[in-house]
1. Which of Lys116/Lys177; Lys177/Lys259; Lys113/Lys173; Lys173/Lys259; Lys115/Lys185; Lys173/Lys252 have a Cα-Cα distance over 26 Å?
2. Under a crude label model (7 Å from the Cα following the beta-carbon direction), how far is Arg186 from Ser213 in nanometres?
3. With label points built 7 Å along Cα→Cβ from the Cα atoms of Thr50 and Thr170, find their separation and express it in nm.
4. Based on the mean of other beta carbon atoms within 10 Å per residue, what is the order of 185-197, 87-99, 38-50, most packed first?
5. Just to verify a number: FRET efficiency for Gln35 and Arg194, C-beta to C-beta distance, R0 = 35 Å, to 0.05?
Amino acid sequence: MKCVQLYIFVIYVSISSSKFLEHRVLNIERNCGEQNGNIYPWVALIPLETRTYNPSAKVECIGTLISEQYVITSSSCLAFVVSKVQFWSNLELLEVEVERWVVYQATNLALLKLKKAVDFSDFFSPICLPSDDLALIENIDPYTATWMQNSGLMRSSNSYRFTYHISDDTRIKKAVKTTIVNCQKRDNGLICLRPNGGDTICDRDEGSPIMFSDQNKWTLGGVLNYAYDIHESICVNSSSVTGSRITKDALKWIMHVIKKN
């Protein structure tokens, strides 16, 4: 009888742990995917350093906060040295060092573990991760979001720009509405997009979230990988760009990495 009770207890603990992990990852606090004091408060700037000395190089990637200590981005960003992640609001610039990173071998996804946890607030909070029902993203036009140092091209009707001033530095957060298009390569792990309304997605936008809004909560559907058009221009406005989809297998990988912590 004691063995049976112990067996039931073990099953209960296992199920409870699984539910806790699912809550932690898929819903990461109740405010995941919400915009309160900051627009897209999960979008991170990742300053990159070249692996050879080049003080004039200004290289960046974008990442997305998905939990207190994890930022997801494109593994192509790891061709450079990644040592810190920045989160911007109009009140402060939060800079957090990167402890380590893990690459998902199936597609171009990478998780950056931060050395310290980000305190969730109205200014910095995570995006939601998708549940098992990933078909929703096929039926809507997702957005990408990135950071710019200047206004670049003229604003189109399908992009939104928000300016942040910290000391002498100015950053512009840009969101671009896109349309899902067919990929030339048939691969369930890929998602291909085209900017709407003549706006652009550029090479420094790699790692940007591909996101959609579901019941007033923003959810991560993928991560932008490549933004070169057929003419090898550094910006795309009519050609498609490629991203890595958050598939069920990718989601399992994310959960596994965060569980190991």
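1. The answer is Lys116/Lys177; Lys177/Lys259; Lys173/Lys259; Lys115/Lys185; Lys173/Lys252.
2. The two pseudo-label positions are separated by 3.6 nm.
3. 2.8 nm
4. Going from most to least packed, we get 38-50, 185-197, 87-99.
5. Computed FRET efficiency for Gln35 and Arg194 comes out at 0.90.
Throughout, read-outs are computed from the coordinates displayed, never taken from laboratory work. These figures come from a predicted structure and were not determined experimentally. Please note: Cβ atoms are built from the backbone with ideal geometry, for glycine as well, and neighbour counts cover all protein chains shown.
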